[in-house]
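Let me begin by presenting the structure, written as structure tokens, before commenting on it.
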Amino acid sequence: EKGLNGYGHIYSFNTGTLLLDTVRIKLFQDSTGIRMKGNVYNVSKNNPYIFRAKLNGYLYNDGAGMELVYLDKTGKEGMNVGIQANLIDSGVSVHLYPETPIIAYRNFKVNKDNYITLKNDKTILADLNLIADDGTGLNIYTTDNDSTNDVTMTINHLNLKELTSSIPYAPNISGLLSGDLHLLKKNTEVTAAYAINIADMNYEEVPLGNIGMEGTYLPDGKDGSHNINAFITREETEIAGIDGAYFEKKDSLAAKLSLRS
């Protein structure tokens, strides 16, 4: 008569430095599918981290999704975003909504027809352009033909302090992150390259300066090995690097790590 339904709660959940005053979860079923509503309340005066969070989830015959809303102690929205995944004939397609989501206290705009599709043959198709008024943005797009699948992801001026402050109990990290990730799938082989830079990075109020990371992944194809190369820079000077190969048949990694003062 009622379908799948249930209710649960936790009061004064405490483990280490994590303290949650109240957690409530409600599960119910209607004509559209199975739905879940979750709430976290941190409102007591002795709690060092006061916030409210709401999570709405749903599971339908042809997909699933969830919506997250986070309010800090002043009632300001730090997060208000939803994600929907739909089953299609060729795989799974993911869609971000609403058109004006809030992420890490920043107001964004996203293209209405955005999507990231993972096809059954492991091909990725995407058109997602998420951008804020100050230029902060995430862009994922693909070019595709009969034999190659080219995926590019670009992150621009992501404020890590705003991001970590909107995540309960996350470490205090600040700096502006920008970078690119490039994936190329040709037939069954996949190559990858990335370049990331964090300007004026601080970790728990400790200044680290300008940090950069770059790397590549290339399949060798002859002996089943996968070549891996990466290095880290500080103030444009290399301070660490790794160069080696992963052998799939042996499930082993042979690499050289270099640290420089």
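The values are calculated or read from the model by the stated rules, or taken from the named source; none is laboratory data. Note that the structure is predicted; figures quoted are calculated from it, not measured. Please note: Cβ atoms are built from the backbone with ideal geometry, for glycine as well, and neighbour counts cover all protein chains shown. All accessible areas refer to the heavy atoms of the entire protein, side chains included, with ligands and DNA or RNA removed. Shrake-Rupley method; radii C 1.70, N 1.55, O 1.52, S 1.80 Å.
Observations
- Residues within the range 108-139 that are under 12 Å from Asn156 (Cβ atoms), surrounded by 18 or more Cβ atoms within 10 Å (Cβ to Cβ) and among the aliphatic types (A, V, I, L, M), tallied: 3
- Counting only strands (runs of 3 or more DSSP E) that sit wholly inside the range 106-151, those with at least 1 residues that are more than 22 Å from Leu163 (Cβ to Cβ) are 115-119, 124-132, 137-144.
- Picking from residues in the range 1-34 that are charged (D, E, K, R) and modelled with pLDDT of 95 or more, the one that is nearest to Ser165 (Cα to Cα) is Arg24.
- The set of residues in the range 166-184 being open to solvent by 40 Å² or more (accessible area, probe 1.4 Å) and in a strand (DSSP E or B) consists of Leu176, Asp180, Leu181, His182, Leu183, Leu184.
- Count of the range 95-107 residues, restricted to those that are free of Cβ contacts under 8 Å to residues at least 24 places away in the same chain and β-branched (Val, Ile, Thr), is 1.
- For the range 34-52, the set of residues classified as free of Cβ contacts under 8 Å to residues at least 24 places away in the same chain, surrounded by 15 or more Cβ atoms within 10 Å (Cβ to Cβ) and in a loop (DSSP other than H, G, I, E, B) consists of Ile50 only.
- Restricting attention to the range 137-149 and to residues that are in contact with a Leu (Cβ under 9 Å, 6 or more places away or on another chain) and at pLDDT below 90, the residue that is farthest from Leu96 (Cα to Cα) turns out to be Thr148.
- Single residue of the range 185-198 satisfying the filter (closer than 29 Å to Ile102 by Cβ and of a type in the set (Val, Ile, Thr)) that is surrounded by the most Cβ atoms within 10 Å (Cβ to Cβ): Ile198
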